[in-house]
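The values are calculated or read from the model by the stated rules, or taken from the named source; none is laboratory data. Bear in mind the structure is a predicted one, so any value in this text is a computation, not a measurement. All Cβ positions, even for glycine, are placed from backbone atoms using ideal geometry, and neighbour counts span all protein chains on display. Surface areas here come from the heavy atoms of the whole protein model, side chains and all, with no ligands, DNA or RNA. Shrake-Rupley method; radii C 1.70, N 1.55, O 1.52, S 1.80 Å.
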Amino acid sequence: MTIIESIGVVSIMPFLAVLANPENVQQNFVLKKLYTLLGVSNNNQFVIYLGVISLVIVVFSAILKILTQYALNRFSSLQRHYFSSRLLRVYLKQNYSFFIQRNSADLAKILLNDVDQVVWGVIKPVLSILSYGLIIVAMIILLIFYDPMMALTTAGVIVSFYALMFYVVKNFMKRISQEFSISNKERYQSCQEVFGGIKDVMINHAHDYYYQRFDRNSRVYARHYASHESLGQIPLHIIETIGYGCLITLAIFLVLQDYSVGTILPVIGLYGVAAYRMLPAAQNIYRAVTTYKFSQHILNGVIHEFELDSNKNNSYKDTKQIGFSSSLELVDVCFEYPNYPDKKILKNISLKIDKNSSLGITGKSGSGKSTLMDIMLGLLQPTSGILKVDGKVINQENVRNWQSLVSYVPQFIYLADMTIAENIAFGVPKDQIDFEMVNNAAKLAQIDDFITQNLKDDYNTVIGERGILLSGGQRQRLGIARALYKQPQVIFMDEATSALDTETEKAVNEAIQSLNGKMTMVIIAHRESAVAKCDCILKL
Ligand SMILES: Nc1ncnc2c1ncn2[C@@H]1O[C@H](COP(=O)(O)OP(=O)(O)OP(=O)(O)O)[C@@H](O)[C@H]1O
């Protein structure tokens, strides 16, 4: 592309030379040869031929530039897809303790916004520096060939000017880059908090707080973006003026040296077109460098996220198979959360649950019941002690396998904005859902009647974001149906019936108890009556 661009520039020279002084045809060896080669009959015809040739080269160069631009855009855009998909994979490979320590809005921001910014602020600028760098080098070589002194002076002026500009704005760019990144994070978090907790926001009149928090950060974000854009554009206007001044000075200098118009015009034309090509190239390089500087803070953050991948213990797939045919065991388990290492949540817990038996866990609020369940689910790793299934220690090599054998009904059921059927068969693609199993699970969880009698599309009713169409009790029963759809070996229930009225709770409990002896169950309940029928009870 650069070569074609240079040829485009050079091709204008003979055209201007002959246009200014037709006698150049006879004086210049190359023009004379071309004249004979084209077989033209007079100078006017020759000028037209030269003009057409130059135009064709310029058009060809433009087409090539369009194609190259498309290829570059496609490349950088695909990098966005590649990086964000890879980063999502890196995140999904992390264990549960990673997610309880990180802010979910921040993770979404990095994945969707920061990766975009890396493409826009790093990959595209690097490509620009490479392509425009080549153009500049080609132009300089061309000019050196023609007049080394002038070429080096022009290049020197342009390079020094932009280097000076960059030196002046460098530190400012670095500072606003950090503030830009922080304000963006705050914007995302305010949005997630205000919409995620809209009920609390309204009741507590927290509108103003969230509005002001968003407004303040959004303003900083907008201001810094504008500063970055302006600092990228301003030098062009200054250097254009300088360039124009240089051309006029050159013309005057040549006139004073008594050169003829025929000699001056091609020189001015060459320098004019070369500057016309070279200045945007230099400007684009400068812009690319400043954009890179502006995005450096975000780039460092994204690199840091990719470094999470170096934890080779994490993987989607287990390397070791595991089955459940005899017992689930905890041996001397202790636990403290990584962010509060001094607070001992569990101390030396040992227990054994035989297959098809049930364990009830009770204890006062905050005693560590849910934490213990997370350890049995393999979501949290004990700080010391072990979790064993059929005598095999559960570790990074088999934990996903273990999780595929169990179901979990949490205190707060997460419902996706999908149909009832999709929510029951959570994670199963729509066309692979077994509707008979969905139906059976719903019947067992005492939610089938509600679905078939109250929802307009039965199991195909879309339940709205976070199951907003459903009551707390209906959500819990849907959670139980989801757990049963999986036909697990072990079912873990954390206060699974706490939001139900006495009658429904009794019915759900009976349904759960009917599984007693057919399925291994671990049930957390505040009310001891809810776990009275369990084979053994652990009080924390
Ligand atoms: N992500 C976390 N980081 C730090 N501490 C935590 C975290 N989650 C829970 N805790 C602390 O661990 C303790 C046990 O919490 P856990 O949720 O296991 O209790 P629980 O017995 O299930 O309570 P409840 O009956 O109220 O649900 C609590 O003191 C809580 O503050």
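When the residues of the range 515-540 are filtered to those that are out of contact with any helix residue (DSSP H, G or I) (no Cβ under 8 Å at 6 or more places or on another chain) and among the small types (Gly, Ala, Ser), the one that is modelled with the highest pLDDT is ALA532. Residue selection: LEU415 fails the criterion of being closer than 21 Å to MET521 by Cβ, assigned to a loop (DSSP other than H, G, I, E, B) and of a type in the set (A, V, I, L, M).
Return the residues of the range 365-382 that are away from the ligand (no atom under 11 Å from the Cβ) and under 19 Å from CYS534 (Cβ atoms); say none if nothing qualifies. Listed by number, the residues that qualify are MET376, LEU377.
If you go through the range 443-491 and keep only what is assigned to a helix (DSSP H, G or I), in contact (Cβ under 8 Å) with a residue 24 or more places away in the chain and farther than 29 Å from PHE324 by Cα, you end up with PHE450, ILE451, ASP458, TYR459, ASN460, GLU465, ARG466, GLY467, GLY472, GLY473, GLN474, ARG475. Taken over the range 336-355, the criterion of being surrounded by 12 or more Cβ atoms within 10 Å (Cβ to Cβ) and within 7 Å of the ligand (Cβ to nearest atom) is satisfied by TYR337, ILE345. Output yes when any residue across the range 264-271 is crowded, with 19+ Cβ neighbours inside 10 Å, assigned to a helix (DSSP H, G or I) and of a type in the set (Phe, Trp, Tyr), and no when none is. Within the range 264-271 (the criterion being crowded, with 19+ Cβ neighbours inside 10 Å, assigned to a helix (DSSP H, G or I) and of a type in the set (Phe, Trp, Tyr)), the answer is yes, since at least one residue qualifies. Going by the structure shown, is GLY385 modelled with pLDDT under 90, under 25 Å from LEU540 (Cα atoms) and more than 14 Å from the ligand (Cβ to nearest atom)? Against the criterion (modelled with pLDDT under 90, under 25 Å from LEU540 (Cα atoms) and more than 14 Å from the ligand (Cβ to nearest atom)), GLY385 does not qualify.
Residue by residue, here is whether (1) open to solvent by 80 Å² or more (accessible area, probe 1.4 Å); (2) closer than 30 Å to SER11 by Cα holds:
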position: SER61; (1), (2): no, yes
position: ARG74; (1), (2): yes, no
position: SER77; (1), (2): no, no
position: ARG80; (1), (2): yes, no
position: LEU92; (1), (2): yes, no
position: ILE100; (1), (2): no, no
position: ALA108; (1), (2): no, no
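Name the residues in the range 428-442 that are open to solvent by less than 60 Å² (accessible area, probe 1.4 Å) and assigned to a loop (DSSP other than H, G, I, E, B), would you? Those that are open to solvent by less than 60 Å² (accessible area, probe 1.4 Å) and assigned to a loop (DSSP other than H, G, I, E, B): VAL428, ILE433. Is it true that some residue in the range 144-157 is closer than 30 Å to ALA62 by Cα, buried (at least 19 other Cβ atoms within 10 Å of the Cβ) and assigned by TED's automatic domain parsing to the domain that holds GLY301? Within the range 144-157, one or more residues are closer than 30 Å to ALA62 by Cα, buried (at least 19 other Cβ atoms within 10 Å of the Cβ) and assigned by TED's automatic domain parsing to the domain that holds GLY301. Comparison of GLN411, GLN396 shows that the only residue that is more than 16 Å from the ligand (Cβ to nearest atom) and either over 24 Å from GLN94 (Cβ atoms) or surrounded by fewer than 21 Cβ atoms within 10 Å (Cβ to Cβ) (or both) is GLN396.
Checking each residue in the range 414-427 for being in contact with a strand residue (DSSP E or B) (Cβ under 9 Å, 6 or more places away or on another chain), more than 16 Å from LEU484 (Cβ to Cβ) and open to solvent by less than 50 Å² (accessible area, probe 1.4 Å) picks out only THR419. Restricting ILE141, ILE123 to those that are surrounded by fewer than 17 Cβ atoms within 10 Å (Cβ to Cβ), over 30 Å from GLY378 (Cβ atoms) and either of a type in the set (A, V, I, L, M, F, W, C) or within 16 Å of the ligand (Cβ to nearest atom) (or both) reduces the list to ILE141. Examine the range 356-364 for a residue that is open to solvent by 30 Å² or more (accessible area, probe 1.4 Å), within 12 Å of the ligand (Cβ to nearest atom) and among the basic types (Lys, Arg), and state whether such a residue exists. Yes, because at least one residue in the range 356-364 is open to solvent by 30 Å² or more (accessible area, probe 1.4 Å), within 12 Å of the ligand (Cβ to nearest atom) and among the basic types (Lys, Arg). A Cβ distance below 7 Å, combined with a sequence gap of six or more or placement on separate chains, defines the contacts here; from the range 341-368, residues that are in the same structural domain as GLU528 (by TED's automatic domain parsing) and part of a strand (DSSP E or B) reach residues that are of a type in the set (Phe, Trp, Tyr) and within 13 Å of the ligand (Cβ to nearest atom) in the pairs LEU346/PHE335. So which residues in the range 251-263 are touching a residue at least 60 places away in the same chain (Cβ under 8 Å) and either open to solvent by less than 30 Å² (accessible area, probe 1.4 Å) or within 27 Å of MET165 (Cβ to Cβ) (or both)? The one that is touching a residue at least 60 places away in the same chain (Cβ under 8 Å) and either open to solvent by less than 30 Å² (accessible area, probe 1.4 Å) or within 27 Å of MET165 (Cβ to Cβ) (or both): GLY262. With respect to GLY391, determine if the residue is surrounded by fewer than 18 Cβ atoms within 10 Å (Cβ to Cβ), within 14 Å of the ligand (Cβ to nearest atom) and of a type outside the set (D, E, K, R). Spelling it out, it is not the case that GLY391 is surrounded by fewer than 18 Cβ atoms within 10 Å (Cβ to Cβ), within 14 Å of the ligand (Cβ to nearest atom) and of a type outside the set (D, E, K, R). Scanning the range 169-179 turns up at least one residue that is touching a helix residue (DSSP H, G or I) at 6+ places or on another chain (Cβ under 7 Å) and more than 25 Å from ILE238 (Cβ to Cβ). Beta carbons closer than 8 Å, at least 6 apart along the sequence or on distinct chains, pair a first residue in the range 511-531 that is in the same structural domain as GLY366 (by TED's automatic domain parsing) and open to solvent by less than 40 Å² (accessible area, probe 1.4 Å) with a second that is among the acidic types (Asp, Glu) and at pLDDT 75 or above for THR520/ASP354; ILE524/ASP494; ILE524/GLU495; ALA525/GLU495.
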